[in-house]
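Nothing in this text is a laboratory measurement; each read-out follows from the coordinates by a stated rule. Everything numeric in this text was worked out from a predicted model, so none of it was measured. In this analysis, Cβ positions are derived from the backbone assuming ideal geometry, glycine residues included, and neighbour counts consider all displayed protein chains.
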Amino acid sequence: MSREKLDQMADRERERQEKFDRRVFCCISTACLSAGAGRTMQALKDGLEASQSGDKVEVVQTGCMGLCSRGPLVRVRENTGEETYYADVTTELAEELIAKYVPLSEPKAGDEALAPEIIETRSRLEAARRKRTLKKHILSQNLPFFTKQVKVVLRDVGYVDPEKLEDYLAHGGYQALYKAITEMTPEEVCDEMSRSGLRGRGGAGFPTGTKWTFVRKAESDIKYVVVNGDEGDPGAYMDRTMMEDNPHQVLEGMMIAAYAVGAYHGFFYIRGEYPIAIDRIRRAIRAARRAGILGDSILGSDFNFNADVRIGAGAFVCGEETALIHSIEGKRGMPRMRPPYPATSGLWGKPTVINNVETMASVPAILLNGADWYAKIGTDQSKGTKVFALAGQLTNTGLIEVPMGISLREIVYEMGDNVPGDAEFKAAQTGGPSGGCIPMSHVDTPVDYERLKELGSIMGSGGLVIIDSTTSMPQFARFFMDFCVDESCGKCVPCRVGTVQIRALLDKLLEGRGQVGDLERLEEVCEIVKSTSLCGLGQSAPNPVLSTLQFFREEYEILLPS
Amino acid sequence: MITLTIDGKKIQIEEGTNVLEAALRNGIDIPHLCYHSDLSVSGGCRLCQVEVEGYDQPVTSCGMACAEGLVIQTQSERLTAIRRNLIDIFLADHPLDCVTCDKAGSCLLQKYAYEYGVKETSYIPIYSKTLYQDDNPFFIRDHQYCILCGRCVRVCDEIVGVHAIDFANRGFESHIATPYDGPMIDSSCVFCGNCVEVCPTAALLPVSRLKRGREWDLERVDSICGYCGVGCKIEYAVKDNEIIYAQASVQESVNGSFLCTKGRYGWDFAVNPERLTQPMVRRDLAYSLGISTENWRLPKVSPLDIDKPDVDDYFIPVDWETAYEIVSSKLVDIVKESGPDAIVGLASARCTNEENYLFQKLMRAVIGTNNVDHCARL
Ligand SMILES: Cc1cc2nc3c(=O)[nH]c(=O)nc-3n(C[C@H](O)[C@H](O)[C@H](O)COP(=O)(O)O)c2cc1C
Ligand code: SF4
Ligand code: SF4
Ligand code: SF4
Ligand code: FES
């Protein structure tokens with residue numbers, strides 16, 4: 001497809017959208033779906049149909065709007081740009097919403113011609129017009145939860161229909177890819193990424209531009225690009241949201257990576273527990289292929305690229321890049337020693353770029369707005385924004401995108417609106433089972449790669465669990481240890497046996513069998529597992545224990561005989 | 001060639017060799033359980049860590065490629081502590097049954113526990129596996145002793161090409177399994193026993209050696225396998241003049257550390273009373289040649305129709321000289337009487353290439369016929 005055709009498609013879609021007086025967006029991402037968004041969406045559609053005003057208002061299914069704890073969420077956007085958010089939208093509320101925003105047009109053929117259920121819906125809508133409950137469900141846009149966010153990655157999520165390529169195009173989709181392949185050399189793309197300061201969002205924070213440059217320089221006819229969508233941290237769902245809610249953005253990032261390093265084939269590796277993400281990515285690939293965005297001679301250039309989906313079987317360790325490679329190759333998902341790194345010897349021994357979903361999703365915006373624009377966001381060494389899945393004991397939980405360097409205080413007390421009830425904020429856990437806890441005393445810490453590391457935690461992929469004063473930290477640490485015991489691949493002995501021993505020591509303490517010296521022993525075993533394990537899983541498995549021992553030692557000490 | 005220094009010793013080695021292999025080839029033993037020179041690298045045992053100049057942290061030597069100028073130390077206080085810790089962790093999931101274990105004396109875990117002075121585990125012993133499988137006549141699988149080094153899995157996949165076994169389950173529940181933990185016979189296993197050979201512990205043992213004595217009770221006899229022309233070197237472990245088990249003899253052999261099922265398990269003929277150990281001549285021929293004074297003629301009933309014919313009823317033993325004498329004079333007679341083409345020679349695949357070459361030479365040049373063929377072509 002040529003640039004002109006691409007623009008035409010985008011323009012046509014934009015014009016179509018502008019014809020409506022207003023558009024009603026209903027989130028159908030997993031969190032809202034499980035709160036009943038499927039029924040809400042149906043009620044909105046039925047209501048619109050019964051109103052016979054489909055030419056004035058459009059109901060759009062979109063992705064996550066952020067405040068998942070208040071789902072199903074619906075947003076009404078006027079043609080003027082004015083927006084109103086509604087929380088906890090049940091089917092009754094959906095009808096009230098339609099009654100308020102959609103004029104009940106006179107049916108052209110007269111009431112008799114209408115199906116009985118439509119007549120029934122119309123009378124319900126009439127009745128709903130008199131209700132006044134809707135107002136109570138309005139979510140103020142001035143909440144810090146919204147105002148503190150800076151949206152780069154999630155910019156279009158919640159606005160764009162994830163199953164509609166045209167909608168993505170209307171939002172400027174694939175312009176970055178077009179720019180890369182027509183105006184930039186692969187080297188320039190890599191340099192741009194380096195200058196932007198983007199670091200891998202999968203956990204380790206490796207500079208993306210450097211990684212791409214390695215692969216670009218590797219000599220090989222065949223190279224691969226892999227998007228790591230295995231997201232295994234308990235409570236984390238940033239990557240799932242991205243894949244479900246704006247799959248084309250991830251695909252576009254992947255294609256730019258492919259162009260930059262000289263790859264002709266790519267794989268999305270998505271965990272099997274994400275059926276919707278798998279479906280949406282597959283649809284996106286098919287749609288892009290039909291439109292000539294994916295395949296041979298992309299957008300009229302001599303760049304060829306194809307992508308496929310591979311489904312993981314639910315092993316946390318398969319998110320580790322070498323285990324992931326084995327899994328795609330059809331082998332048992334076990335990590336191997338590095339070097340060689342995937343950049344020199346990856347999939348089937350070929351140079352391979354592996355990037356996290358969020359990393360890939362950051363790419364189009366960086367190319368379009370420029371590295372300097374991106375590098376202005378964030379801190380010295382941690383540039384840009386980070387998406388967090390805010391979970392745990394907090395009033396507002398959900399998905400947030402914040403600039404690097406924001407303080408934990410702002411996230412917990414302002415965006416999260418504090419811990420509910422009488423309890424108090426105690427600690428924030430980042431990095432999931434590989435991370436650590438940041439206590440109240442460090443609540444003013446700016447959240448970036450370096451500071452979190454200094455505190456014995458890691459940025460991780462974006463899980464942010466808030467713990468209140470009612471939680472026992474040894475119990476909490478045990479939860480993560482149990483997770484690591486289950487998820488260890490079993491290849492190396494410190495992780496396979498050592499994690500079981502750490503768990504046994506925690507159990508001993510928690511069951512009141514603790515002895516003097518047990519805490520020192522616990523630390524010793526943690527250090528051994530950390531320093532001798534083969535891969536990141538074992539090397540970081542003791543972190544939750546070590547970090548709670550560091551900051552909440554008194555909670556362990558009371559478990560010892562006095 | 002690359003030059004590096006290990007423990008102060010300058011070592012030259014081909015590029016691409018890993019540091020552990022370079023050390024082993026030069027007589028420097030770095031403790032290792034999962035590494036095997038003929039198999040791909042795993043990295044699971046973590047024991048082979050060494051100090052590398054310029055690196056803060058110890059490096060896993062089996063996973064590090066030799067590079068020009070590397071300076072390696074294989075012994076240090078820190079390394080000893082790490083290795084002790086690791087052996088300690090291994091023993092937390094390995095019953096300390098050394099006093100009754102058949103593998104005592106050749107078990108690598110025992111060896112390193114001895115070398116590093118780890119008498120028992122400092123951990124709470126928690127055993128992950130209890131399965132005991134004796135589902136075939138060749139070897140047993142006693143999972144409680146398995147340290148999951150994965151050597152058996154790799155040998156079966158990479159050398160034998162069968163991939164009958166692999167890791168099943170995850171983490172502490174991992175164990176080596178046939179598909180669905182079924183009996184060995186239902187898997188694709190060809191019972192070559194190479195997994196048994198590379199297993200460092202008592203998790204895989206030949207049935208024939210169970211309770212038949214330990215390493216120091218056994219004598220070693222080097223031999224060449226007689227089953228085929230490859231001529232694998234074989235080492236028999238012998239006690240009281242009986243073979244206890246066979247294994248590949250590693251040094252300078254055509255077969256490296258591996259054998260096939262026949263060589264490894266098919267040696268019971270060695271002490272079978274029915275085994276022919278010297279040449280025999282049929283009794284009537286022996287009489288006509290004057291070797292025997294006893295007149296004899298073939299009985300009415302063919303020996304093929306007798307259930308267990310006694311060889312002594314039909315043949316008498318002679319020495320090799322006599323046997324050769326008879327064969328050669330008979331061949332000369334036939335050639336004289338009927339010409340060389342009255343003779344056909346059929347060679348055997350159990351002979352070596354050289355032997356087969358000589359045989360066709362004998363037929364063509366000495367006898368004078370092209371009537372020579374080989375069982376492998378039939
Ligand atoms: C145990 C373990 C699990 C991991 N899981 C994930 C994951 O679910 N998603 C991910 O993107 N990276 C994960 N990683 C990190 C990857 O190995 C790899 O570093 C990352 O995908 C690289 O992409 P990035 O540079 O964009 O961060 C995991 C690492 C380890 C050690
Ligand atoms: S550290 Fe754990 S997950 Fe990683 S290779 Fe070792 S056993 Fe497997
Ligand atoms: S006996 Fe041979 S074929 Fe069978 S499992 Fe062992 S190595 Fe594989
Ligand atoms: S059976 Fe033996 S060779 Fe196989 S993994 Fe266990 S200890 Fe290693
Ligand atoms: S021999 Fe190197 S890790 Fe086992």
Using alpha carbon centers only, the range B:30-51 is separated from the range A:165-193 by a whole-angstrom value of 46 Å
Exposure proxy check: B:Trp296, A:Trp212, A:Trp373 ranked by fewest other beta carbons within 10 Å?
A:Trp373, B:Trp296, A:Trp212
Taking the dipole of the protein assembly as shown about the Cα centre (Lys, Arg +1; Asp, Glu -1; charges at Cβ), the one of B:Val153, B:Tyr114, A:Ala504 that reaches farthest to the positive side is A:Ala504
Alpha carbon centroid spacing (whole Å) that separates the range A:12-77 from the range A:286-353
34 Å
Have a look at the DSSP beta bridges in the protein assembly as shown and tell me what percent are antiparallel, nearest 5.
65 percent
For chain B, modelled as a Gaussian network with Cα springs under 10 Å, which listed residue fluctuates most, B:Thr17, B:Thr178, B:Thr277?
B:Thr277
How many percent of DSSP beta bridges within the range A:385-468 run antiparallel, rounded to 5?
80 percent
I need the shape label for the range A:439-562. Rule: rounded when a/c is under 1.5, else prolate if a/b > b/c, else oblate, with a, b, c from the alpha carbon gyration tensor.
oblate
For the range A:206-258, which GluC sites (Glu not before Pro) are both in a DSSP coil and crowded by at most 13 other Cβ atoms within 10 Å?
A:Glu219
Would you work out the relative contact order for the range A:19-147, in percent, from Cα pairs under 8 angstrom that are 6 or more residues apart?
30 percent
Cysteines of chain A without any disulfide-compatible partner (other Cys Cβ under 4.7 Å) are A:Cys26, A:Cys64, A:Cys68, A:Cys190, A:Cys318, A:Cys437, A:Cys484, A:Cys489, A:Cys492, A:Cys495, A:Cys526, A:Cys535
Rounded to the nearest 10, the angle in degrees between the Cα long axis of helix B:77-92 and the longest principal axis of the Cα atoms of chain B comes to 70 degrees
How big is the gap, in Å, between the Cα center of the range A:481-508 and the Cα center of the range B:251-309?
60 Å
Could you tell me which of B:Pro206, B:Met184, B:Trp216 has its Cα farthest along the dipole of the range B:173-225 towards the positive end, charges placed at Cβ (Lys, Arg +1; Asp, Glu -1), taken about the Cα centre?
B:Trp216
What distance in nm separates the two pseudo spin-label positions at B:Glu215 and A:Glu188, each 7 Å out from Cα along the beta-carbon direction?
6.7 nm
Full-stretch length increase - A:Asp486, A:Glu49 - with 0.36 nm per residue and alpha-carbon distance subtracted
152.3 nm
About the Cα centre, and with charges only on the beta carbon of Lys, Arg (+1) and Asp, Glu (-1), how big is the dipole of the range A:206-256? Nearest 20 debye, please.
340 debye
How much of the DSSP bridge set in the range A:1-100 is antiparallel, in percent, rounded to the nearest 5?
60 percent
In the range A:350-429, what GluC sites (Glu not before Pro) fall in a loop by DSSP, with at most 14 other Cβ atoms inside 10 Å?
A:Glu424
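Order these by the 10 Å Cβ neighbour count, fewest first: A:Met481, A:Met9, A:Met243.
In order of increasing Cβ crowding within 10 Å: A:Met9, A:Met481, A:Met243.
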The answer for trypsin sites (Lys or Arg not before Pro) in the range A:1-34 that fall in a DSSP coil and have at most 12 neighbouring Cβ atoms within 10 Å is A:Lys19
Can you put B:Cys149, A:Cys495 in order, fewest other beta carbons within 10 Å first?
B:Cys149, A:Cys495
In degrees, nearest 10, the alpha-carbon axis of helix A:493-510 is tilted away from the dominant principal axis of the alpha carbons of chain A by 90 degrees
Treating only the Cβ of Lys, Arg, Asp and Glu as charged (+1, +1, -1, -1), what charge dipole size does the range B:2-75 show about its Cα centre? Round to the nearest 20 debye.
140 debye
Springs between alpha-carbon pairs under 10 angstrom, Gaussian network model over chain B: which of B:Ser37, B:Ser288, B:Ser253 fluctuates most?
B:Ser288
If I build a Gaussian network model for chain B, linking alpha-carbon pairs within less than 10 angstrom, which residue out of B:Tyr116, B:Tyr227, B:Tyr287 has the largest mean-square fluctuation?
B:Tyr287
For the range A:172-375, rounded, prolate or oblate, judged on the Cα gyration tensor with a ≥ b ≥ c (square roots of eigenvalues), a/c < 1.5 rounded, else prolate if a/b > b/c?
rounded
Can you give the FRET efficiency for B:Phe138 and A:Ser472, using 1/(1 + (r/R0)^6), R0 = 41 Å, r = Cβ-Cβ distance, to the nearest 0.05?
0.15
Please name which of B:Ser292, A:Val545, A:Phe425 has its Cα lying farthest along the dipole of the protein assembly as shown towards the positive end, using unit charges on Cβ (Lys, Arg +1; Asp, Glu -1) and the Cα centre as origin.
A:Phe425
